[in-house]
Amino acid sequence: MVQSTSARKSLQTTLEVPTLRKAYYARTQEDSKKGKKVAWCSNNIPSEILDAMDVTAVFLENYATVIASKRLASGFCAAGEKVGFSQDVCGYARMLMGYILARDESPEAPYGGLAKPDFLLVNSYSCDSRLGWFAAMSRALNIPLHVHDAPHQPDGASDSTLNAEYTERELRNLVAFLEKQTGTSFDPEKLRQRLALARQSSDIMYDINQLRKAVPCPMGSADMFTAVWPAMYLVGTQECEDFYKRLQAEIEERIAQGIGIVPEEKFRLMWSGIPFWYDMSLINYVEQYGGVVAVESFYRSRERRLPPQDEDPIRDMALSSVRQRAYPSSIIASIDDLLDAVKEHKIDGVILSFNPSCRMLYVSQMELQKSLEERGIPTLGLECDMADERTYSESQVKTRLDAFVERLLAARA
Amino acid sequence: MLVAGIDVGARNVSAMILKDGDMLSCYVLTSGEEGATVSRRAVQEALKKTDFDFADLQYIVATGCGRNSVPFAHRQSTEVVSQARGAFHLYPSARTVINLGAESSRAIRLGENGRVEAFTKNDKCAAGSGLFLETMSTLLEVPIEQMGELSLKADGFEEVSSICAVFAESEVISHIHRGVPKGHILAGLHRAVAGRILEMLGTTGIKGDVVVTGGVARNAAIIKELEKKTRLSTIVPPEPQIVGALGAALIAQDRAAKS
Amino acid sequence: MIEEFGQYRPSRHEKAIAWKEETGGKVVGVICCCVPEEIIHAAGMLPVRILGEHEETTEADIHFPTNLCPYCKSCFDQQLKGRYDYLDGLVIPNVCNMIKAMYGFSKLLLKVPYVRFLEVPQRLSREGVDFFTRELARFKESLEDFAGKPISAEALRQSIDVYNENRTLLEKVYELRKKSPPPVSGTEAQETVISSMLMPKEEHNRLLNQLLEQVEQRNDSPGDGIRLFVSASILDDTDFLELIEECGGMVVADDMPMGSRYFYGLVDSSDDPLRALADRYLNKIACPRKMLPEERLAFAAEIMNGANVRGTIIHNMRACDPHLYEYPLMRQRMESQGIPVLFFRGEETETEKEQQRADIEAFIEMLEE
């Protein structure tokens, strides 16, 4: 009864990702067996530092998307709810708590489960849900938890030395924690190398996103939701840079040949928010009408990275993160960002996903939708959890997409 | 000492008469009239089977959602406490009581001495309630007493996936139109209902022995599904609808003895 | 005279406007008790806690989707409806997702002259105090700009003293509740805290001193009830506690932002004022957003100590992840100590109250057995 839930990809390079991902998870298991320290991390924990210190990073939110894409989330979520975690809380967290505390009640875990952790690293500055979640895991698994912090900077990039000093201090705390756990010393040179590679990949990613503005769109969100994976989880590696070089070359070739996602591109959409991991084929749905989802808000690369801000790599990381922000951190910045994307990528309509259990993004979606409609840009809001497939009504969503497409085509006529 | 317990539910009113702590007589009738009138009638009907009159009753406790509309009751007791009391009296090994009423259901955890330790209630969602099953009975044109049996006989089930009763109803209608056998639909429905009931248990937890009370407990298919999902066997009293009234009567007994 | 405390909430807007007219001063709204009010007070301004109302959030619903903190939504709704038009400033701290978002939304949709984001560290620590101290210095400077005059160290010390006195007095009121029967009900105790957040602290201290002198002679004592502990994520009025006390309970101890969490923990007046404020406001506020579970449980245990509690009611507002994560552990701990727990996930709907009443009645009857 469950069909394939993957999106149809347009690029060959994208198809490499599942293999890379599987290999990554296998590697973490091997690392664990070899006696390397394994850290379970929340997204945005600087894995370049962990990598430089030979600590294996396992990013739980990614594993949650893997579970969700196999439509196993509801089983894990139900298990998590059984041990007391409300349906309100982040779907990713509930799933992982189900996986940890109610293994018997849960489905079989993908990739044979996660490598056993030695400690937990969480940053809760972007998402308040993570601290409670990681604290609960720390107790359940009886392993140490280190909380990493950074300033919020809702007004965006800043030249504040205070913010930079605090960020630097927190990074050094993280290093000190890792030194203690591993019994080894931090080598700045190793980090410097990884930061250099990360910058290079990041710049290629920026160029890729510029290329995506072409008409017809050479690479849309159906590909990018998968193709972004190395940038998030293989940061600072040669493997990552090589992947994006190949991706860029493929896109350039497609542009040269005028190859788009559909034979005749009739309209271009943007996806705002997290996609529904249990049905990524939804991203391809509008293709039958000549539409493409050309770009997404969440993983879009916005700026070329600043050059190294200091010789000391930790100070460099701190200054860079204060002086340049990867994501808009207030509604005002988010609105500007969205409108900018719509203009740059020649977008005709926006689909906004309203994921109730990801309040970090959810809180802004209505105002973003309103801002677009006020400017005559058609929108469609879809309310489903990003991971828990119990909240998804396929026929309902597709009916609404049909109506949205009708509206778009009528507007263009 | 003669006491009475009355359970004024959304659908039925039960009255239980105790004489010196023993069950003397009980009566269940379907309510439809105003609370005070129907409660009095239930008690009177129960008394008809005995040698006693209304005036002989020394203490009356009312429970159920309509407990505040029984003016002649000496005291009110909440469903949680009266259900627990009644179930524990019948089965001292009871550690979980699942009460499935017409409109609401509750799960109650008991301690070794029968004291309530925790409870959760579901009165927001219709799925799993007696009234919901009555709606399904009408829709499927199967008398409610036969729903369980028909379902147990079925050799398969058609999934009813909706969490919400309203959506479940439309799902069932579409199954009927597609010609799915009634037994299959009922089997799927009962699975879903049992699932909803268990979700409600939440952090109350479930420990054996499990006693299931209330009118819906008569549905053998739902009971079977509960047992399958919890991997525990359940006890269903021969008269699951009178447990609340029994508990209320026992509380009346305690109160009468104290005064 | 205890009823006087209950008047402040319903008349808070009129009173704030009157204060402005009398003094010519500025009123600054705060959301969340981790904003060091003393700095605002030392600037000669009146800090007031923003509160919601039991109304349909018709204005806020245009801008926000449904599954969000009802308290924050209601507060913003009140602001959109113009009830808080007299505010000169808003200070929004770095706490949970919802409150953080309020900063941008306030700048976008409201016309408050001064809107400031406070970079509070997201974890309790000693190092965080260094950063927070300097952030408070920045905050102080920005307030000085807004006020058009400096805030002296002396003024700051005085404000700390006034606030510490308020904390000490509120703690005394709370201590009274440990008696059996308590001379002050849970509802009344909460009213003393909420009113503190709405008026000049000096005046509130005067009222509290009066109360403490007179309370044990009152002839309208709240009487006995089943002794309960309430742990809540956010209750910005006394409705819930009133409901519990209507059903025969007596709330003798609490763990909530508009309760013990507001005043617990003094500012160290021997230290540098900004540093002392940074330490108290970062490390002593028992909020699960930042405080880890073990410390939270220790806080709850301390509050309950000597209160002779028979049962605990936990009220977590929907969509409040930090509290909802903590709940299973809090429940487990209570039950392991033989204290039964009743849990509510608050939704602020119209029908909620009657459902809560039925559960509370059952809980109280169960405890009476």
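The values are calculated or read from the model by the stated rules, or taken from the named source; none is laboratory data. Not measured: the values here are computed from a predicted model. Positions of Cβ are backbone-derived with ideal geometry, glycine not excepted, and every protein chain shown enters the neighbour counts.
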- Message: Being surrounded by fewer than 17 Cβ atoms within 10 Å (Cβ to Cβ) and among the hydroxyl-bearing types (S, T, Y) is the requirement here; does A:S126 meet it?
- Response: no
- Could you count how many residues in the stretch B:84-113 are in contact with a Lys or Arg (Cβ under 7 Å, 6 or more places away or on another chain) and assigned to a loop (DSSP other than H, G, I, E, B)? 3
- So, of the residues in the stretch C:302-317 that are touching a Phe, Trp or Tyr at 6+ places or on another chain (Cβ under 6 Å) and more than 14 Å from chain A (Cβ to nearest Cβ), which turns out to be surrounded by the most Cβ atoms within 10 Å (Cβ to Cβ)? C:T312
- For C:E335, are the conditions met, namely being in a helix (DSSP H, G or I), in contact with a Lys or Arg (Cβ under 7 Å, 6 or more places away or on another chain), closer than 29 Å to A:R130 by Cα and in the same structural domain as C:L292 (by TED's automatic domain parsing)? no
- Task: Tell me, please, whether a residue that is among the acidic types (D, E), under 17 Å from B:A102 (Cα atoms) and in the same structural domain as B:E79 (by TED's automatic domain parsing) can be found in the stretch B:5-12.
- Result: yes
- Counting only residues that are at pLDDT 95 or above, under 22 Å from the mean Cα position of the chain (by Cα) and either at the interface with chain A (Cβ under 7 Å from one of its Cβ atoms) or in a loop (DSSP other than H, G, I, E, B) (or both), the stretch C:122-144 contains a total of 0
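Does A:R268 fit the bill of being surrounded by 15 or more Cβ atoms within 10 Å (Cβ to Cβ), of a type outside the set (A, V, I, L, M), touching a His at 6+ places or on another chain (Cβ under 9 Å) and not in a loop (DSSP other than H, G, I, E, B)?
yes
Conditions tested, residue by residue: (1) closer than 22 Å to C:L282 by Cβ; (2) hydrophobic (A, V, I, L, M, F, W, C); (3) in the same structural domain as C:L282 (by TED's automatic domain parsing); (4) surrounded by fewer than 20 Cβ atoms within 10 Å (Cβ to Cβ).
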residue: C:A43; (1), (2), (3), (4): yes, yes, no, no
residue: C:A60; (1), (2), (3), (4): no, yes, no, no
residue: C:F64; (1), (2), (3), (4): no, yes, no, no
residue: C:K73; (1), (2), (3), (4): no, no, no, no
- Query: Inside the stretch A:351-379, can you point out the residues that are in contact (Cβ under 8 Å) with a residue 12 or more places away in the chain and in a loop (DSSP other than H, G, I, E, B)?
  - Reply: A:N355, A:P356, A:S357, A:C358, A:R375, A:I377, A:P378
- Task: Would you check which residues across the stretch C:171-206 are without any contact (Cβ under 8 Å) to a residue 24 or more places away in the chain, under 19 Å from C:G306 (Cβ atoms) and part of a helix (DSSP H, G or I) and list them?
- Result: C:E175
- Query: Looking only at helices (runs of 4 or more DSSP H) that fall completely inside the stretch A:140-235, which ones have 1 or more residues that are within 14 Å of chain C (Cβ to nearest Cβ)?
  - Reply: A:161-182
- Query: Has the stretch B:114-126 got at least one residue that is more than 13 Å from chain C (Cβ to nearest Cβ) and either of a type in the set (D, E, K, R) or surrounded by 24 or more Cβ atoms within 10 Å (Cβ to Cβ) (or both)?
  - Reply: no
- Item | Matching residues, the stretch C:322-341, being touching an Asp or Glu at 6+ places or on another chain (Cβ under 7 Å) and away from chain A (no Cβ under 11 Å) | C:P340, C:V341
- Test each condition in (1) more than 30 Å from A:V363 (Cβ to Cβ); (2) in contact with a Leu (Cβ under 8 Å, 6 or more places away or on another chain) for C:E295 and report the one that comes out false. (1)
- Query: Which of the residues that make up the stretch C:10-35 are of a type in the set (G, A, S) and not in a strand (DSSP E or B)?
  - Reply: C:S11, C:A16, C:A18, C:G24, C:G25
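Within the stretch A:1-120, which helices (runs of 4 or more DSSP H) (wholly inside it) include 1 or more residues that are touching a residue at least 12 places away in the same chain (Cβ under 8 Å) and under 30 Å from A:R169 (Cα atoms)?
Per the criteria, A:17-34, A:47-52, A:60-69, A:91-101.
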- Query: Of the residues B:L18, B:L29, which single one is touching a residue at least 12 places away in the same chain (Cβ under 8 Å), more than 18 Å from the chain's Cα centre (by Cα) and outside any helix (DSSP H, G or I)?
  - Reply: B:L18
- Query: Quick one: would you say B:V216 is more than 30 Å from C:I339 (Cβ to Cβ) and at pLDDT 80 or above?
  - Reply: yes
- Message: Which of the numbered conditions does C:V112 fail, given that it passes all the others? Conditions: (1) in contact with a Leu (Cβ under 7 Å, 6 or more places away or on another chain); (2) assigned to a loop (DSSP other than H, G, I, E, B); (3) within 12 Å of chain A (Cβ to nearest Cβ); (4) at pLDDT 95 or above.
- Response: (3)
- If you go through C:P322, C:P257, the only one that is buried (at least 21 other Cβ atoms within 10 Å of the Cβ) and outside any helix (DSSP H, G or I) is C:P257
- Task: From B:R67, B:R75, B:R85, grab the single residue that is assigned by TED's automatic domain parsing to the domain that holds B:T30, surrounded by fewer than 24 Cβ atoms within 10 Å (Cβ to Cβ) and in contact (Cβ under 8 Å) with a residue 40 or more places away in the chain.
- Result: B:R75
- Message: Test of understanding: among C:F263, C:F344, C:F299, which residue is within 14 Å of chain A (Cβ to nearest Cβ), at negative phi and of a type outside the set (S, T, Y)?
- Response: C:F344
- Mind checking which residues of the stretch A:81-93 are modelled with pLDDT under 90 and more than 10 Å from chain C (Cβ to nearest Cβ)? A:E81, A:K82, A:G91
- Task: Report the residue count in the stretch C:212-244 for those that are in a helix (DSSP H, G or I) and crowded, with 22+ Cβ neighbours inside 10 Å.
- Result: 3
- Query: Looking at B:S31, B:S39, which is the one that is in contact with a helix residue (DSSP H, G or I) (Cβ under 7 Å, 6 or more places away or on another chain) and in the same structural domain as B:G86 (by TED's automatic domain parsing)?
  - Reply: B:S31
